[in-house]
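Asker: Got a structure for you, questions after.
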Amino acid sequence: MTDDADTARQLNAFLAQVERRAYRIAEIATRNPDEALDIVQDAMLKLVQKYARRNPDEWPPLFYRILNNRINDWHRRSERSGTGDRPSRNLANIGSCVLCSAAHFIVAPSRAQHTQDPRAK
């Protein structure tokens with residue numbers, strides 16, 4: 001079997017392993033099943049396109065970082081568009097903390113930075 005076939009098989013197995021957890025994280029963060037599915041699919045596609053050739057041990061932190069970034073992008077877009085689908089800014093920060101604790105291997109800024117209200121000085 002070729003290296004590309006092995007990589008594809010390993011990548012498919014990895015994505016199958018993380019899909020439910022990733023969907024649940026995105027669903028909690030967005031409170032919208034359709035948006036959560038889009039975010040997870042986008043994160044998976046980005047991992048495949050940009051990082052498939054990396055060592056498989058690097059995939060989990062890369063994937064959860066991409067997922068976290070996609071969720072943050074969704075919150076920013078929701079704030080700008082003024083849609084009612086987004087949670088309050090404080091809940092968005094709490095969601096990031098949940099994401100960090102759920103995916104404990106993410107390299108993230110300090111927890112205090114996540115939990116502080118950005119409006120408080």
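Rule-based calculations on the coordinates, nothing more; no lab input. This structure is a prediction, so every number in the text was calculated from the model and none was measured. Reconstructed Cβ throughout: ideal geometry from the backbone, glycine too, with neighbour counts over all protein chains shown.
Asker: Add +1 for every Lys or Arg and -1 for every Asp or Glu among the other residues with Cβ under 13 Å from the Cβ of Leu62, and state the total.
Answerer: On the way: positive: Lys46, Lys50, Arg53, Arg54, Arg65, Arg70; negative: Asp57, Glu58.
Within the 13 Å Cβ shell, the charges total +4.
Asker: Right, another one. For the stretch 4-61, state which trypsin sites (Lys or Arg not before Pro) are in a DSSP loop and have at most 10 other beta carbons lying within 10 Å of their beta carbon. If you can, show how the numbers build up before the last one.
Answerer: Values: sites: Arg9, Arg20, Arg21, Arg24, Arg31, Lys46, Lys50, Arg53, Arg54; in loops: Arg31, Arg53, Arg54.
Within the stretch 4-61, the qualifying trypsin sites (Lys or Arg not before Pro) (loop, at most 10 other Cβ atoms within 10 Å) are Arg53.
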